[in-house]
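This report refers to the structure that appears directly beneath it.
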Amino acid sequence: MSADVSARTVRQADGLDPVRALQRVLYRSAKQDRTRRFHALYDKVARSDVMWRAWVSVATNQGAPGVDGVSIAQVESGGVESVRAFVDELAGRLRAGTYRPKPLRRVNIPKPGKPGQTRPLGIPTVGDRVVMAAAKIVLEPIFEADFCPTSFGFRPKRSAQQALEAVRVAANGGRGWVLDADIKACFDNIDHEALMAQVERRVVDRHMLKLLRSWLRAGIFEAGMVFDSEAGTPQGSPISPLLANIALHVLDEVWEQHGRRLGTLIRFADDFVVLCSTRQRAEQARALAETTLAPLGLRLHPDKTQIVDIRRGAQGFDFLGFHHRMIESRKRPGRWWLNKWPSPRAMTSIRGKIRSMTAPSRVGLELSAVVEQLNPVLRGWGAYFRQGNSSAKFGAIDYYVHERVAVLASRKYGLSGFNWADRFTWDWLANLGIYRLTGTVRYPTVHARR
């Protein structure tokens, strides 16, 4: 078979739009031949239909402008024709070989659940984000053909809930020691050459490789100066999660070959745990992970990586926003099952959002407007955490919402105290239309092992 994926082959894919058909052919080609390297990909990135699909993805996610100050709203201000002209101009520069990415705009955003702490984020321009999204459309199916079932993060048809279910099944199956691992500043420290070596296992298109390297070396704009990027992926960009998964696929491969005897690896992007049957195996799993990550320029955080004994509820651990702990069955004493509920960090995060949305500065708003803004936040948070044993935590958040809205109402009407015993009762709050978390938990089949 030719190293190219011809347009005729793509057109023969039945019942699919051209972009989806292209992805399916790329995936099948990569899946059928695990040693195949792709020579002609760059031209597919510049295809008008691929670029338009990329624009839709970027526009849907919104996001802030980059160093050029151009926002999505500005591009859309002239209507569909303005957007098409913007996308066509980008595609034209790609085809002509004149496209050059701009430096990333550095901003510091608050860490969820950690008041006062921030993490750096590099924001590409809208144009660069569109080209990155187009490259992801082309590259993702090729590498998806190789990715292992131990990886759940930022992959099509895979989710955090699936990763959490894998944790529950492994723990209920007798793996009572957990390597709770934290890769120190993963997105900032991935070695460029090591990453590109992994990309080149599948891609030999010179122009595509040059495009990827240009994003890695675009630099960071901060305080009026541009600083070189010597390591890391462009975090905050559409292609960054894919590049991280390509790099960390090395860990998954090593585990498939050498680590399965030690324990069950469950990885969500740069966050992973290994569930083992003994402490000794957990220690060996830690050593294997450290050895595997070192050539990528990565290392485990010495203070945040720990080995946890979860047997009979001795200890718990946090993973993907949940706190996990073994709880003894009420109906069958002596049997222990893994339960999960929102972690302290997740609780702090949602409380912070509720507090900011009911702050004294919002006393001038109608209470109905405050509730209208609160409800999507509560629904989104609840939709993620309802897959667990979260009833008590949901009740605590409902109580906190009641308290905060009652305090806001008291300020609004010039009253002292909370006044919820006789005035701002739960019935009053319910009549405002507030979303209530209590009663929305969906319990898993707690005793299932497979």
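The values are calculated or read from the model by the stated rules, or taken from the named source; none is laboratory data. All figures in this text were calculated on a predicted structure; none of them were measured in a lab. Quick reminder, even Gly has a Cβ in these numbers, built from the backbone with ideal geometry, and neighbours come from all protein chains shown. Surface areas here come from the heavy atoms of the whole protein model, side chains and all, with no ligands, DNA or RNA. Shrake-Rupley method; radii C 1.70, N 1.55, O 1.52, S 1.80 Å.
Annotation note: GluC sites (Glu not before Pro) in the stretch 358-405 located in DSSP loop regions with a Cβ neighbour count of at most 16 within 10 Å are 366. Panel note: the C-alpha atoms of the stretch 213-344, placed on their principal axes, show extents of 63, 34, 25 Å (largest first). Note on residue 81 and residue 34: their simple-model spin labels are 5.4 nm apart, each label 7 Å out from Cα toward Cβ. At an R0 of 60 angstrom, the distance between the Cβ atoms of residue 426 and residue 17 translates into a FRET efficiency of 0.75.
Just so you know, the averaged projected area of the alpha carbon convex hull for the stretch 29-89 sits at 6.0 nm². Each residue of the stretch 72-86 is assigned a 3J(HN,Hα), and the resulting list reads 4, 4, 5, 5, 7, 4, x, x, 4, 4, 5, 5, 4, 5, 5 Hz, derived from the Karplus form 6.51 cos²θ - 1.76 cosθ + 1.60 (θ = phi - 60°), x at Gly and Pro. Mean sequence separation of contacting Cα pairs (under 8 Å, at least six apart), scaled by the length of the stretch 188-255, corresponds to a relative contact order of 39 percent. Relative contact order of the chain, taken over Cα pairs closer than 8 Å and 6 or more residues apart, is 15 percent. Please work out the C-alpha center-to-center distance from the stretch 224-279 to the stretch 376-438 and express it in whole Å. The two parts, judged by their Cα centres, are 39 Å apart.
With the helix formula -39500 (n - 2.57) applied to DSSP H stretches of n ≥ 4, the chain reaches a computed 222 nm mean residue ellipticity of -14000 deg cm²/dmol. Ranked by the mean number of other Cβ atoms within 10 Å per residue, highest first, peptides 176-184, 380-388 order as 176-184, 380-388.
Residue 256 sits with roughly 70 Å² accessible to a 1.4 Å probe, with DNA, RNA and ligands left out of the calculation.
Of 31/157; 136/353; 102/136; 157/353; 31/340, which sit over 25 Å apart, Cα to Cα?
136/353; 157/353; 31/340
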